[in-house]
Amino acid sequence: MFGYLVKRLLQMTLVLWIVSVIVFLMMSFTGDPVFMVVPVDATDAEIAQARRLLGLDQPMPVQYWRFLVSLVQGDFGYSYVFRQPAMTLIMERLPATVEMVLVAMVFALVISIPLGVYAGANPESKISRFIMAGSLLGISLPGFWVGMVLIYLFAVQWGIFPSSGRGDTAEFFGLRISLLTGDGWHHIVLPAITLSLATTAILLRMTRAGMMEVGRQDFMKFAKAKGVSRRDVLYRHGLKNAIIPVVTIFGLQLGDLIAFATITETIFSWPGMGKLLIDSIYRADRPVIVVYLMLVALIFVVINFIVDLVYTLIDPRISLK
Amino acid sequence: MTITIETQTDQPLLELKDLRTHFHTFAGVVKAVNGVSFKIGAGEIMGLVGESGGGKSVVGFSILGLIESPGKIEGGEILFDGEDLAKASDERLREIRGRDISMVFQDPMTSLNPLHTVGDQMDEVLRLHSNLDADARKQACIKMLESVGISQAEERLKAYPHQFSGGMRQRVVIAIAMLAQPRLIIADEPTTALDVTIQSQILKLMRQQIADNGASMILVTHDLAVVSEMADHITVLYCGQVVEQGKTRDIIESPSHPYTRGLIDSIPDPTDRMARLNQIPGNVPDIRNLPKGCNFRARCPRAQDLCAEQEPTLKPQHNSLVSACHFPLQPGEK
């Protein structure tokens, strides 16, 4: 177990290092950030000085080394645009994105698992066909359109939910969290539903496929022959055997939504990371983009690690090696 | 030599009357079980014999109400202790499953849930069917595991099925089946998937468990050799219908139906090395499209014109035998 953790940690570090190389190379070949920091009418001497101050006059390996050292030290530099630490900018917005994604994922799980189990256990029934048709819609409808429809219906027509913003937030260990206030919950419902739609559909279909596969297994029939109730046969015996691919996809979707919730955030004016990323890309705000990319890589690596741990909790035949 | 007189109690433990279980597929109606009747008394073992596709397993699943769509029990009665299970509610059937009637499946590699411990899968039966507290249940599981020949039972309760060998898993399955002391065990080819060396161990174990608990058993198998060692009575199925019934010894020594004769002849004789391995020519006919007359006609060495015209019905034959044949074998006839 300890050996596994050490190995895994080294692996994760290796992945992050490779990402840092790629990020550095990408940044170096996409435009000259010097022009972001100097005035429009700067002289050549001023530009050269700015370049020296930013370290851009050094050879590439030296630049990379400095970049890496500051990454390791957690120093991502100042945003060229906001003149604030890039890390601070991201961390201000990260909670908004993460909480919206978490609520969306909870929605997705609560809806997709029972419906998927039902559809897998009763593939012939009319309700299952209806569920499957619905899930196809969930996959095919573009999120921005669903978001606009939801705003039109629930905010404009019926006035049940607000159309934009995050509502009240409460401080928690210095992070601003809207899930701690009723108003925050009120605001999070529509964007979370919009965000959860595709994931719900995918998880539902994965669950159904898994349950159909498991339904043919002898141990399901044996459980019934023991007198186990239908519900327990499906959930205790069936679902546990069908859930591993669902966990895999859940992990990938979780990372994906945190990294790329941009469209939903834009539609609902949700002050998350996505908006900041888009602005930073437009303005070539390198430090912010670097923090963002490294953070996304870290999130994926950590989620994957957790998913692997969850496998071993589900299936005793999978061991940590 | 003493003559044992058949003592048939007034009410058998289980009586099937004209059971019909059909599967409605796109390609037509499969009459997997089409008018099967038999009785089992308390403490008896009955062998249900036939080739693959003969409807043997479907009989077992029908008794427990485990027939799934597109299958359906179309008619007949399943009288268990006088109660018709064919008409019982799902709830009632769940009470009976595992408590009064339990099942042992063919393949021990797949009949245990790979993700639950053996102890948990045993405990589940007692949680459902007893009022014992957790500790008493655990003791009962340990005792049961020991009685099926698994040592260090307390440790093994925490193990997962993949940590057991095939034979050991089948012991666990039998332990689960016996745990609530059911009155009837339906064993569906319990040794078919096992090594030959393990087979006889498992059969011995089952017979001993049945005897210890005073339970009855339906032993579903294609292997007449197995049945002849275990069963008191034999019912031979062909194309979903009973073709012959009787006491084991009578059937093995001198069957009256040519199909039974064929099955017996297919058992290799270990003393005669030079003998050709006998087989029944041809295949089981398409059950969706059975021929007129006797279903076995095309494969039968005794078939005559009458067999193509008229379907034979079950008639008493010599000794204890009942069979459906127009030209039954006489005692001693090959």
Name the residues of segment B:14-63, by number, that are at least 10 Å² less accessible with every protein chain in place than in the isolated chain; the surface is that of heavy atoms, probe 1.4 Å, without ligands or nucleic acids. B:Phe61
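Take every residue in peptide A:224-237, count the Cβ atoms of other chains within 10 Å of its Cβ, and give the average of those counts. Provide the component values of the computation, followed by the final result.
Values: counts 10, 17, 16, 16, 8, 4, 2, 0, 2, 0, 0, 0, 5, 5.
Mean inter-chain Cβ contacts per residue within 10 Å come to 6.
Rounded to the nearest 500, what is the 222 nm mean residue ellipticity of chain B from helices alone, with -39500 (n - 2.57) per DSSP H run of 4+ residues and division by all residues? Spell out each step's value before the answer.
Values: 12 runs with 106 residues, N = 334.
It lands at -9000 deg cm²/dmol.
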Roll a 1.4 Å probe over the protein heavy atoms and report the accessible area of A:Leu94 in Å², nearest 10. 30
Filter the chymotrypsin sites (Phe, Trp or Tyr not before Pro) in segment A:142-238 down to the DSSP loop ones having no more than 11 other Cβ atoms within 10 Å, then list what survives. A:Trp158, A:Phe173
HN-Hα couplings for segment A:201-214 via Karplus (6.51, -1.76, 1.60; θ = phi - 60°), in whole Hz with x for Gly/Pro, come out as 5, 5, 4, 4, 5, 5, 4, 4, 4, x, 5, 5, 5, 5
Probe 1.4 Å, all protein chains in place: accessible area of A:Glu171 in Å², nearest 10? 130
Cβ neighbours within 10 Å from other chains - mean over B:122-132: 2
Give, as a single signed number, the net charge of other residues whose beta carbon lies under 11 Å from the beta carbon of B:Gln152, with Lys and Arg counted +1 and Asp and Glu -1. -1
Links that overshoot a 20 Å alpha carbon limit, given the list B:Lys39/B:Lys247; A:Lys126/B:Lys87; B:Lys39/B:Lys72: A:Lys126/B:Lys87; B:Lys39/B:Lys72
What does the charge count around A:Val302 come to, taking other residues whose C-beta lies under 12 Å from its C-beta (Lys +1, Arg +1, Asp -1, Glu -1)? 0
Once you've got the GNM for chain B with C-alpha springs shorter than 10 Å, pick whichever of B:Thr248, B:Thr117, B:Thr271 has the biggest mean-square fluctuation. B:Thr271
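To the nearest 20 debye, what is the magnitude of the charge dipole of segment A:2-73 about its Cα centre, counting +1 on the Cβ of each Lys and Arg and -1 on the Cβ of each Asp and Glu?
On the way: 5 positive and 5 negative charges, 124 e Å.
Its charge dipole is roughly 600 debye.
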For the interface of A with B, what's the total buried accessible surface in square angstrom, probe 1.4 angstrom, rounded to the nearest hundred? 2400
FRET efficiency estimate (nearest 0.05) - Cβ-Cβ, B:Leu277 to A:Leu179, R0 45 angstrom: 0.05
Over the protein assembly as shown, what is the percentage of antiparallel beta bridges among all DSSP beta bridges, to the nearest 5? 65
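When ligands, DNA and RNA are left out and all protein chains stay put, how many square angstrom of accessible area per residue does the protein assembly as shown have with a 1.4 Å probe? Walk me through the numbers on the way to the answer.
On the way: 32460 Å² over 655 residues.
Ligands and nucleic acids excluded, the figure is 50 Å² per residue.
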Full extension between A:Thr30 and A:Met212 adds, at 0.36 nm per residue less the Cα distance, a length in nm of 60.6 nm
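Using a 1.4 Å probe and counting only protein heavy atoms, arrange A:Thr43, A:Thr207 so the residue with the most accessible area comes first.
On the way: A:Thr43 70, A:Thr207 0 Å².
Correct descending sequence by accessible area is A:Thr43, A:Thr207.
I need the trypsin sites (Lys or Arg not before Pro) found in segment B:144-197, filtered to DSSP loop residues with at most 14 other beta carbons within 10 Å of theirs.
On the way: sites: B:Arg156, B:Lys158, B:Arg169, B:Arg171, B:Arg183; in loops: B:Lys158, B:Arg183.
Taking segment B:144-197 and a limit of 14 other Cβ atoms within 10 Å, the loop trypsin sites (Lys or Arg not before Pro) found are B:Lys158.
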Say we join alpha carbon atoms closer than 10 Å with springs in a Gaussian network model of chain B; which of B:Asp272, B:Asp135, B:Asp212 then has the biggest fluctuation? B:Asp272
Please list, by residue number, everything in segment A:160-198 whose backbone N is under 14 Å from a paramagnetic label point 7 Å out along Cα→Cβ of A:Gln84. A:175-176
Cut-off 19 Å, label 7 Å out along Cα→Cβ of B:Arg288, residues of segment B:15-40 by amide N: B:21-34
Computed [θ] at 222 nm, helices only, for chain A once each DSSP H run of length n ≥ 4 contributes -39500 (n - 2.57): -23000 deg cm²/dmol
Size of the dipole of segment A:180-321 about the Cα centre, Lys and Arg at +1 and Asp and Glu at -1 on the beta carbon, nothing else charged, in debye to 20? 820
For the residue pair B:Glu91 and B:Glu146, what label-to-label distance in nm results when each label sits 7 Å from Cα along the Cα-to-beta-carbon direction? 3.9
For a quick check, take a GNM of chain A with Cα springs below 10 Å and name the residue from A:Thr88, A:Thr264, A:Thr200 with the largest mean-square fluctuation. A:Thr88
Of all DSSP beta bridges in chain B, what percent run antiparallel (nearest 5)? 60
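For segment A:200-306, which trypsin sites (Lys or Arg not before Pro) pass both filters: DSSP loop (anything but H, G, I, E, B) and at most 13 other C-beta atoms within 10 Å?
Values: sites: A:Arg205, A:Arg208, A:Arg216, A:Lys221, A:Lys224, A:Lys226, A:Arg230, A:Arg231, A:Arg236, A:Lys240, A:Lys275, A:Arg283; in loops: A:Arg216, A:Lys226, A:Arg283.
Qualifying residues, ordered by number: A:Arg216.
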Charge dipole of segment B:175-267 built from unit charges on the beta carbon (Lys, Arg +1; Asp, Glu -1), centred at mean Cα; most positive-end Cα among B:Thr191, B:Gln181, B:Ser266 is B:Gln181
Quick one: Cα centre-to-centre distance for segment B:62-81 and segment B:199-220, in angstrom? 24
Residue by residue through segment A:299-312, what is 3J(HN,Hα) from phi via Karplus (6.51 cos²θ - 1.76 cosθ + 1.60, θ = phi - 60°)? Round to whole Hz and write x for glycine and proline. 4, 4, 4, 5, 4, 4, 4, 4, 4, 5, 5, 5, 3, 5
Give me the three principal axis extents of segment A:83-220 from the C-alpha atoms, as integers in angstrom, largest value leading. 62, 38, 27
I'd like the carbon and sulfur percentage of the solvent accessible area for chain B, probe radius 1.4 Å, heavy atoms only, ligands and nucleic acids excluded. 48
Of B:Met122, B:Ile101, B:Ile150, which is farthest towards the positive pole of segment B:78-162's charge dipole, taken about the Cα centre with +1 and -1 on the beta-carbons of Lys, Arg and Asp, Glu respectively? B:Ile150
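Using a simple charge model, +1 on the beta-carbon of Lys and Arg, -1 on the beta-carbon of Asp and Glu, nothing else, what dipole does the protein assembly as shown show about its Cα centre, in debye to the nearest 20? It would help to have the intermediate numbers written out before the result.
Details: 60 positive and 64 negative charges, 99 e Å.
In debye, rounded to 20, the protein assembly as shown gives about 480.
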Compute the helix-to-body angle for A:2-29: its Cα long axis versus the longest principal axis of chain A, expressed 0 to 90° and rounded to tens. 50
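The values are calculated or read from the model by the stated rules, or taken from the named source; none is laboratory data. Please read these numbers as outputs of a predicted model, since none were measured by experiment. Backbone-built Cβ (ideal geometry, glycine too); neighbour counts: all protein chains shown. These area figures cover heavy atoms from the full protein model, side chains too; ligands, DNA and RNA do not enter into them. Shrake-Rupley method; radii C 1.70, N 1.55, O 1.52, S 1.80 Å.
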